[in-house]
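See below for the structure under consideration.
The values are calculated or read from the model by the stated rules, or taken from the named source; none is laboratory data. Remember, it's a predicted structure, so these values are computed and weren't measured experimentally. A quick note on method: Cβ atoms are made from the backbone with ideal geometry, for glycine too, and the neighbour counts reach across all protein chains shown. Accessible surface is based on the protein model in full, side chains and every heavy atom, while ligands, DNA and RNA are left aside. Shrake-Rupley method; radii C 1.70, N 1.55, O 1.52, S 1.80 Å.
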Amino acid sequence: MYALYSALAALFLVLTLPYWVLQIMRHGKYRAGLRERFGAVPLVLAGRSEKPTIWVHAVSVGEVIASSAVITALRQKFPTHRVLVSTTTSTGQKLAAQRFGAESIFYFPLDFAFAIRPYLDTLRPELVVVAETEFWPNFLRLAKQSGARIAVINCRISNRSFPSYKRFRFWLPRLLENALRNVDRFLAQTEEDKRRLIEIGACETKIAVTGNLKFDVAAPPLPEIVASLREDFERSAAGPVLVCGSTLDGEEGSLLSAFRNIMVDHPKAVMILAPRHPERFDEVAALVEQLGFRMCRRSLWSGEALAGGVFLVDSIGELAALYSLATVAFVGGSLVPRGGHNIIEPALYGVPIVTGNHYENFRDVVNFFASRDAVRIVGLAELPLVLMELIENSEERATLGRNALEALESQRGATARTVAALIELMGAAS
């Protein structure tokens with residue numbers, strides 16, 4: 001069964017190799033950590049440590065942010081252990097290195113035994129903590145065989161992934177069920193996630209609902225760029241400020257069109273535009289210039305006035321803090337069918353939030369905020385009108401932002417429940 005899965009995975013890798021090579025050559029994607037992904041343990045971790053290890057896997061930036069408080073708590077609760085963090089993406093790697101030190105960070109290996117075993121042999125983890133839904137069959141099997149306890153935290157089964165898991169269970173039923181059987185504890189975000197876990201083969205007695213860690217995320221320290229921009233806006237009387245974060249291909253054009261309408265009545269308006277993927281920075285910059293907007297890139301900004309133009313955020317890790325400048329915040333990945341992105345970051349600052357109607361990956365968060373009148377959900381047709389209405393109505397903006405902050409505060413506590421469950425699991429392992 002596992003041999004068949006590994007053979008199919010290897011075949012898929014070979015067939016898609018031209019795509020990966022093209023991505024490496026054109027954008028530099030996946031080049032970082034390539035050796036680590038194939039099982040080369042980084043030198044900083046290669047020497048066997050006398051300290052026992054807790055291995056936390058957080059795929060990308062969102063999972064790193066959500067898991068940060070849990071990782072910090074584990075370091076405090078288990079000072080005699082090494083707490084190491086793996087990520088899949090380079091952006092997640094950079095953020096994790098900033099937060100936990102480069103000596104504790106590495107790229108997650110591909111789901112092949114030859115790539116996984118060197119890490120398990122070197123790290124010998126007592127506990128493996130996987131953020132959200134990384135159900136890699138070989139990894140879970142080999143980690144369990146190594147003697148590690150395994151927990152999946154902040155677990156969710158999105159509307160988009162749920163049918164895929166059901167199809168996988170239909171074609172390879174024993175593989176998925178056996179993979180899930182290796183997990184000692186599932187800490188789900190919601191009762192719906194618990195129900196879906198059971199439906200795809202997880203054992204009900206191993207599942208607890210602990211809430212969404214992303215509700216517990218604290219506002220990040222404000223970087224210098226935020227203070228500099230605030231000073232510029234005050235000096236030049238710039239505003240209103242529309243912050244459009246995590247945008248994807250097919251969204252920027254509609255957002256810029258809506259921004260043009262705003263500038264008719266507010267010629268000193270500013271759009272802070274932050275594309276989701278770094279490899280698209282140049283593409284989006286070209287689009288902004290093609291549409292005739294005055295633009296400055298974050299990487300080139302030297303303090304010139306931004307009133308009446310677009311500030312393109314071609315940097316990583318600053319978007320969350322930039323939401324604090326928003327008169328209105330738009331969270332992207334949601335005007336196109338890509339599942340949306342996290343609306344909690346702007347909610348931390350009590351700013352009014354708008355998101356598109358494709359928010360499947362964050363259905364529970366968005367639906368909860370909507371039930372508290374704490375977010376506006378729009379389609380492409382409604383986008384310009386809703387943005388204009390919010391820009392013109394300060395009372396509605398204040399209410400929407402206040403409701404968002406109150407909704408966020410009402411759901412805190414998942415971190416404490418998650419850490420308590422992990423401590424209990426570590427106790428059971430000793």
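Overall, the chain carries a charge dipole of about 1700 debye about its Cα centre when +1 sits on the Cβ of Lys and Arg and -1 on the Cβ of Asp and Glu, all other atoms neutral. Sorting L291, L142 on solvent-accessible area from highest to lowest, probe radius 1.4 Å, gives L291, L142. Debye calculation, C-alpha points only, no solvent: report log10 I(q)/I(0) for the stretch 335-430 at q = 0.18 Å⁻¹, in the same order as the q values. The calculated log intensity ratios at q = 0.18 Å⁻¹ are -0.82.
If you plug the beta carbon distance of E199 and E283 into 1/(1 + (r/R0)^6) with R0 = 35 Å, you get a FRET efficiency near 0.30.
The antiparallel fraction among DSSP beta bridges confined to the chain stands at about 0%.
With both labels modelled 7 Å from their Cα along Cα-to-Cβ, the R181 to S315 distance reads 5.1 nm. Principal axis extents of the C-alpha atoms in the chain (largest first, rounded to whole Å): 65, 45, 44.
Size descriptor for the stretch 69-149, Kirkwood hydrodynamic radius: 13.4 Å (Cα pairs only, one decimal).
These residues, M295, M1, go from largest to smallest accessible area, 1.4 Å probe, as M1, M295.
Neighbours of L400 by Cβ distance under 14 Å: Lys/Arg scored +1, Asp/Glu scored -1, total -2. Label sites at L8 and S164, each approximated as a point 7 angstrom past Cα along Cα to Cβ, lie 1.4 nm apart. For q values of 0.15, 0.17 Å⁻¹, compute log₁₀ I(q)/I(0) with the Debye formula on a Cα-only model of the stretch 107-238, without solvent. Per q value, in the given order, log10 I(q)/I(0) is -0.75, -0.90. Using every pair of distinct Cα positions in the stretch 374-413, the Kirkwood expression returns a hydrodynamic radius of 11.2 angstrom. Taking every alpha-carbon pair under 8 Å whose residues sit at least 6 apart, the chain reaches a relative contact order of 13 percent. Over the stretch 79-168, what relative contact order in percent results from Cα pairs under 8 Å that are six or more residues apart? Reported relative contact order: 22 percent.
Qualifying GluC sites (Glu not before Pro) in the stretch 288-383, where qualification requires a DSSP coil assignment and no more than 14 other C-beta atoms within 10 Å, comprise E304. The residues of the chain have, on average, 43 Å² of accessible surface per residue, using a 1.4 Å probe with all protein chains present. For M295, the amide hydrogen comes within under 5 Å of the amide hydrogens of V310, counting only partners 5 or more places away or on other chains and with H modelled in the peptide plane. For the pair A416 and E396 in one chain, pulling the backbone fully straight at 0.36 nm per residue adds 3.8 nm over the alpha carbon distance. Counting heavy atoms of the protein chains alone, V366 has an accessible area of about 0 Å² for a 1.4 Å probe. For V14, the accessible surface of its heavy atoms amounts to roughly 100 Å² (probe 1.4 Å, protein chains only, rounded to the nearest 10). Only helices enter the 222 nm calculation for the chain: every DSSP H run of n ≥ 4 contributes -39,500 (n - 2.57), and dividing by all residues gives -14500 deg cm²/dmol, rounded to 500.
With a cap of 12 neighbouring Cβ atoms within 10 Å, and only residues DSSP puts in a loop, list the GluC sites (Glu not before Pro) found in the stretch 45-129. Intermediate values should be presented prior to the final figure.
On the way: sites: E50, E63, E103, E126; in loops: E50.
In loop regions of the stretch 45-129 (DSSP not H, G, I, E or B), the sparsely surrounded GluC sites (Glu not before Pro) are E50.
Can you send over the carbon and sulfur percentage of the accessible area for the chain, probe radius 1.4 Å, protein chains only? Looking at the chain in its full context, I get 55 percent from C and S.
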